[in-house]
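Here's the structure we're looking at; comments come further down.
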Amino acid sequence: LEEQLHGALSRGEFNVLYQPKIDISNNKIVGAEALLRWKNSVLGNVAPSEFIPIAEQTGLIVPLGVYVLTEALKNTRHWKNMYSNEFNIAVNISPRQFRDPGLANSINTAIEQSCIPGKCLELEITEGVLMSGHSYIDKSLKTINDMGITIAMDDFGTGYSSLSYLRKYPFGVIKIDRSFISDITSDQKDRELINATIVMAHALHLKVVAEGVETREQLAYLKDLGCDYAQGYYFNKPISAEALSSLLKDFVTC
Ligand code: C2E
Ligand code: MG
Ligand code: MG
């Protein structure tokens, strides 16, 4: 895997898919999450869960991250023009990318080149980014936040779900992990935990996204609990930029 990963970017083996994010109050698409895909001639399609950890270890995630950001912002400019100026794009950033002192600079370059205002970009990080406690993480997050970019806590509920992180860092969004959503209709405990997370987030003026919504029943529970946004197979799987463009076009014309 590592051998094939080297040179894969210059061989054009990567591509970015987009999963729409829906406003639960009116079922409208408000944005999308960029998700990286790799298709290699020897290995075939390789899942992000397999290659991202290796890209992290080898440092290849740094140029890959720039690729995802550039692609996503280029398409976002198009979607903002044709669909809605409010459309926003979420990009995942992993711990190794935060160790790169050039991160804030490359984000700044990417948003300037695409003429997208910072407020239309959301960066999704997991607790893994914050756990090292290094001061440069604080600095990077502050710089990014000062550019108007939203910072989202991804996979909330799975790690330590540390409240001090929510207090210390400038989060704007919490994404509740899919594992909680999948049992929302059958497990009272999961329902209560989701409810408590939403109440806490709203009290802190944070928006809440539910990940991995697969059924109408799950969506109904989330709506009842006052969750703001949802992503999941119930609405759409991650799709190509072209497919998202035609989906958005249908919304504009209907
Ligand atoms: P994530 O950021 O939590 O992304 C959500 C994952 O859940 C995606 O898997 C998505 O395809 C999947 N998903 C969405 N809705 C549903 C659903 O209704 N049911 C089910 N079963 N799954 C759903 P994916 O694309 O395989 O990505 C896995 C992880 O890899 C991501 O988790 C993220 O941590 C990482 N990743 C993906 N793209 C990038 C990237 O460009 N950069 C970095 N650093 N990490 C990435
Ligand atoms: Mg994510
Ligand atoms: Mg997640």
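Structural remarks
- Options Leu36, Leu73; residue that is within 14 Å of ligand 2 (Cβ to nearest atom) and out of contact with any Gly (no Cβ under 6 Å at 6 or more places or on another chain): Leu36
- Among residues of segment 153-170 that are open to solvent by 30 Å² or more (accessible area, probe 1.4 Å) and within 16 Å of ligand 1 (Cβ to nearest atom), those with a Cβ under 8 angstrom from a residue that is hydroxyl-bearing (Ser, Thr, Tyr) and part of a loop (DSSP other than H, G, I, E, B), sequence gap 6+ or separate chain, pair up as Asp155/Thr126; Gly159/Thr126.
- Residue list for segment 73-88, filter: open to solvent by less than 20 Å² (accessible area, probe 1.4 Å) and touching a strand residue (DSSP E or B) at 6+ places or on another chain (Cβ under 6 Å): Thr76, Phe87
- Of all residues in segment 215-224, those satisfying the criterion of being surrounded by 14 or more Cβ atoms within 10 Å (Cβ to Cβ) and either free of Cβ contacts under 8 Å to residues at least 12 places away in the same chain or under 20 Å from the mean Cα position of the chain (by Cα) (or both) are Leu219, Leu222.
- Tabulated pairs, segment 187-214, first under 12 Å from Lys175 (Cβ atoms) and assigned to a strand (DSSP E or B), second open to solvent by 20 Å² or more (accessible area, probe 1.4 Å) and among the small types (Gly, Ala, Ser), C-beta under 8 angstrom, 6+ apart or interchain: Lys207/Gly172
- Selected residue (criterion: least open to solvent (accessible area, probe 1.4 Å)) from residues of segment 25-72 that are closer than 20 Å to Gln4 by Cβ and in a loop (DSSP other than H, G, I, E, B): Gly59
- Scanning segment 191-214 for residues that are within 16 Å of ligand 3 (Cβ to nearest atom), buried (at least 16 other Cβ atoms within 10 Å of the Cβ) and of a type outside the set (A, V, I, L, M) gives Thr197, Lys207, Glu211, Gly212.
- Against the test of being in contact with a strand residue (DSSP E or B) (Cβ under 9 Å, 6 or more places away or on another chain), within 16 Å of ligand 2 (Cβ to nearest atom) and farther than 29 Å from Trp38 by Cβ, the options Lys207, Lys237 yield a single qualifying residue, Lys207.
- Qualifying residues in segment 123-138 (those that are away from ligand 1 (no atom under 16 Å from the Cβ) and not hydroxyl-bearing (Ser, Thr, Tyr)) - the one surrounded by the fewest Cβ atoms within 10 Å (Cβ to Cβ): Gly133
- Residue match in segment 113-122 (condition: within 14 Å of ligand 1 (Cβ to nearest atom) and either in contact (Cβ under 8 Å) with a residue 24 or more places away in the chain or open to solvent by less than 10 Å² (accessible area, probe 1.4 Å) (or both)): yes
The values are calculated or read from the model by the stated rules, or taken from the named source; none is laboratory data. Note that the structure is predicted; figures quoted are calculated from it, not measured. All Cβ positions, glycine included, derive from the backbone under ideal geometry; neighbour counts span all protein chains shown. Side chains are part of the model used for accessible areas, which takes the heavy atoms of the whole protein and leaves out ligands, DNA and RNA. Shrake-Rupley method; radii C 1.70, N 1.55, O 1.52, S 1.80 Å.
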